[in-house]
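Chemist: Structure incoming, see below.
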Amino acid sequence: SKHCVNLDNRTANVTVKPFELDMGFQFELHITVSGKKINVSDIPELPIPEEWMRDKLELHFYKTEQAEGGGEIEEVTYNRGSGTGVITFLRPG
């Protein structure tokens, strides 16, 4: 847990300490499925940047590949104002 870091010809001893992340958010999504795209609606507005929400949507739909429902993602769009998004997969399925 202790490390020695060289910065601008100086040595700094640092110690790694655990920290707690803020509690995650749980929400329900409504989706419409079509060949290569999934339209997602009723995405709640959360106090996180839009980029984070796109990342969360991408991770969720990519992870479901093991459950025969997701896959590699080509693009994720998200509209905070309307609470909607579109997930586009690389391959239809």
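The values are calculated or read from the model by the stated rules, or taken from the named source; none is laboratory data. Keep in mind the model is a prediction, meaning the values are calculated, not measured. Every residue, glycine as well, gets a Cβ built from its backbone with ideal geometry; the counts of neighbours run over all protein chains shown.
Chemist: So which residues in the range 77-93 are out of contact with any Ser or Thr (no Cβ under 8 Å at 6 or more places or on another chain) and among the aliphatic types (A, V, I, L, M)?
Modeler: Answer for the range 77-93, where residues must be out of contact with any Ser or Thr (no Cβ under 8 Å at 6 or more places or on another chain) and among the aliphatic types (A, V, I, L, M): 87, 90.
Chemist: Kindly provide the set of residues from the range 54-85 that are under 9 Å from the mean Cα position of the chain (by Cα) and either at pLDDT 90 or above or not hydrophobic (A, V, I, L, M, F, W, C) (or both), ordered by number.
Modeler: Within the range 54-85, 54, 55, 56, 58, 60 qualify.
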